[in-house]
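Report on the structure given below.
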Amino acid sequence: MAQIPYGPTYDEMLHPDRIEKDVREAALNVREHEGDPLNLFNITWKDEAGRVRKIVLPKALTGVDANIVVMLGKDFPSGSHKVGPAYATLMEGCVDETLIPGERTILGPSTGNFGIGVSYICQLMGYEAVVIMPDNMSRERYARIKRYGAKLDLTPGTESDVILTLERTHELTKDPRNFALAQFELFPNYRFHRHVTGGSAVEAVEGIGNGRIACFVSAPGSAGTLAAADHIRTVFPELKTVALEPYECSTLTDGGRGQHRIEGIGDKMCTLIHNVLTTDYITLIKDDESVKALKIIQDGASIMKAQGVSDEAIEAMKDTFGVSGLCNILGAIKMAKYLHLGEHENVVTMATDGFDRYDSVLEELEKRELELEEHVLSRWFKDIFLEADTRHIKDVRSKDEKERLFLQKERDWLKFGYKKSFLDAMKSQSFWEAEYEKVAEYNEKIKQKRGTKLP
Ligand SMILES: Cc1ncc(COP(=O)(O)O)c(C=O)c1O
């Protein structure tokens, strides 16, 4: 007989101290046993002591006065925070009794981390999973997905060909047994990040600078993470929200659609769940700089030390970021400069995952760049971090810019059967508030139904 899996509410993911004490303790004890479903209770930004996992970047690295606070996603189960939206979507389906484990196969269109999150969560919650992703992503991703027992359905291309995965997914959903965990379209992704990531971001700056958040920076893939800003703004109304894009694939800036190397972001669309009303700036980051910056963090200890970065900070940063994390860090530095933020002000950004899935990306860099001596890395360090410029920042706060982004969204989503009236409703903030209010409903439903048997 099918059973609703036993997992946390949105509130418990934000405040793990509200989980029943023995469940929380048991969950912390099974962290080394990835396959134990109690790990669902480890889906949180917080460590054992209840503190948000984060790094405040050394100023010798950033070269700016403002504090850059990077929230760390790598210690979520499965190694990235993308597991959160995957869990939230399935759990909502479970308690609504539309997605019963054993009855449905879950399709996860993805460029990697979400697919890893989906395959992992499906294993814990008892669903079959098929991950649909481009065939040219870093090999570490495929290995993890297989390890978690999901099937792979590969479409041609790389990061920028995610649209092909969507088309393939829409084809497969013609079979009613299949359910697409469509991260670009489904609002649990918005709810998870607005409530859990946004609430955690507010806590992450406690005791740092003025304790407020002046700027939130995130490079959207699905734009789920960006939703954190919709919560942060309710606490710190001065917030500026910044979406980053690869310079090589500037879809939101000007419709650009090139190939790029920053896995997980820049998916050639304005996603359905992207609340463009609250995005203030769109900033372009070069993919090559993000990869080179990662090389410096991983292998440039002596260079950072020579520039005044402490041994402790060098150690703390190693293995802690992936390519998109460096993209976010470079975006945060640019915005701190552009907004002239002072030493008491905070910029918050994310590292979605850690280095464990990017060895092959640095190997590829090493093949491309024949010269990798210290003096070359040292030049990169100065050019990329300390001398980051404020070019390619677009202010999208005007009505005209919002209209342009709404049009982009229509071009991207009418073709998948969404009605114009639905897309028009998103032009009002009340649409987003109504979606967010469902968090309280689901908190209650999850509490009542978790672990129960279905008729
Ligand atoms: C490595 C990486 N960075 C960033 C993102 C973007 O996050 P979001 O989908 O919440 O916008 C993703 C999404 O899959 C990712 O895998």
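Apart from one condition, VAL348 fits all of (1) under 21 Å from the mean Cα position of the chain (by Cα); (2) aliphatic (A, V, I, L, M); (3) modelled with pLDDT under 95; the exception is (3). Within segment 1-25, being modelled with pLDDT of 95 or more and among the β-branched types (Val, Ile, Thr) holds for THR9, ILE19, VAL23. State yes or no: is LYS415 of a type in the set (Lys, Arg), loosely packed, with under 15 Cβ neighbours inside 10 Å and over 26 Å from the mean Cα position of the chain (by Cα)? Criteria not met by LYS415. Scanning segment 181-211 for residues that are surrounded by fewer than 24 Cβ atoms within 10 Å (Cβ to Cβ) and either polar (S, T, N, Q) or on the phi > 0 side of the Ramachandran plot (or both) gives GLY207, GLY209, ASN210, GLY211. Every test in (1) part of a loop (DSSP other than H, G, I, E, B); (2) modelled with pLDDT under 95; (3) within 16 Å of the ligand (Cβ to nearest atom) is passed by LEU370 save one, and that test is (3). Please tell me if GLU263 is outside any helix (DSSP H, G or I) and either away from the ligand (no atom under 12 Å from the Cβ) or under 24 Å from ARG357 (Cα atoms) (or both). Against the criterion (outside any helix (DSSP H, G or I) and either away from the ligand (no atom under 12 Å from the Cβ) or under 24 Å from ARG357 (Cα atoms) (or both)), GLU263 qualifies. Which one is nearest to the ligand (Cβ to nearest atom) among residues in segment 123-137 that are in contact with a helix residue (DSSP H, G or I) (Cβ under 6 Å, 6 or more places away or on another chain) and closer than 16 Å to ASP267 by Cβ? Residue satisfying both the conditions and the ranking: MET133. Flag: SER218 matches the condition of being in contact with a helix residue (DSSP H, G or I) (Cβ under 8 Å, 6 or more places away or on another chain) and among the polar types (S, T, N, Q).
Which of the residues spanning segment 132-150 are within 18 Å of ILE163 (Cα to Cα), in a loop (DSSP other than H, G, I, E, B) and among the hydrophobic types (A, V, I, L, M, F, W, C)? Result: MET137, single match. The set of residues in segment 381-401 being over 26 Å from the mean Cα position of the chain (by Cα) and not in a loop (DSSP other than H, G, I, E, B) consists of LYS382, ASP383, LYS399, ASP400.
The rows are residues; the columns are (1) polar (S, T, N, Q); (2) in the same structural domain as LEU252 (by TED's automatic domain parsing); (3) at pLDDT below 95.
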| site | (1), (2), (3) |
| --- | --- |
| ASP389 | no, yes, no |
| GLU403 | no, no, no |
| LEU407 | no, no, no |
| ARG411 | no, no, no |
| LEU414 | no, no, no |
| GLY417 | no, no, yes |
| LEU423 | no, no, no |
| LYS427 | no, no, no |
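Of everything in segment 241-260 that is over 25 Å from TYR358 (Cβ atoms) and β-branched (Val, Ile, Thr), the residue that is farthest from the ligand (Cβ to nearest atom) is THR253. Could you tell me whether any residue of segment 178-193 is closer than 22 Å to ALA351 by Cβ and free of Cβ contacts under 8 Å to residues at least 60 places away in the same chain? No, segment 178-193 has no match at all. Does segment 198-215 contain at least one residue that is part of a strand (DSSP E or B), at pLDDT 95 or above and more than 20 Å from LYS438 (Cβ to Cβ)? Yes, segment 198-215 contains at least one residue that is part of a strand (DSSP E or B), at pLDDT 95 or above and more than 20 Å from LYS438 (Cβ to Cβ). Taking PRO176, is it assigned to a loop (DSSP other than H, G, I, E, B), away from the ligand (no atom under 12 Å from the Cβ) and on the phi < 0 side of the Ramachandran plot? Yes; evaluated as a whole, the condition is true for this residue. Among the residues of segment 81-116, those that are within 15 Å of GLY7 (Cα to Cα) and of a type in the set (Gly, Ala, Ser) comprise GLY84, ALA86, ALA88, GLY93. Among the residues making up segment 212-230, those that are in contact (Cβ under 8 Å) with a residue 60 or more places away in the chain and either touching a Leu at 6+ places or on another chain (Cβ under 8 Å) or surrounded by fewer than 24 Cβ atoms within 10 Å (Cβ to Cβ) (or both) are ARG212, ILE213, ALA214, CYS215, PHE216, VAL217, SER218, ALA219.
Here is a yes/no grid of residues against (1) touching a helix residue (DSSP H, G or I) at 6+ places or on another chain (Cβ under 8 Å); (2) surrounded by fewer than 22 Cβ atoms within 10 Å (Cβ to Cβ); (3) of a type outside the set (Lys, Arg):
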position: ARG18; (1), (2), (3): yes, yes, no
position: LYS21; (1), (2), (3): no, yes, no
position: VAL30; (1), (2), (3): yes, yes, yes
position: GLY35; (1), (2), (3): yes, yes, yes
position: ILE43; (1), (2), (3): yes, no, yes
position: GLU48; (1), (2), (3): yes, yes, yes
position: VAL52; (1), (2), (3): yes, yes, yes
position: ILE55; (1), (2), (3): yes, yes, yes
position: LEU61; (1), (2), (3): yes, no, yes
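The values are calculated or read from the model by the stated rules, or taken from the named source; none is laboratory data. Here the structure is a predicted model, which is why all the values come from computation and not from measurement. Note: ideal-geometry Cβ built from the backbone for every residue, glycine included; neighbour counts use all protein chains shown.
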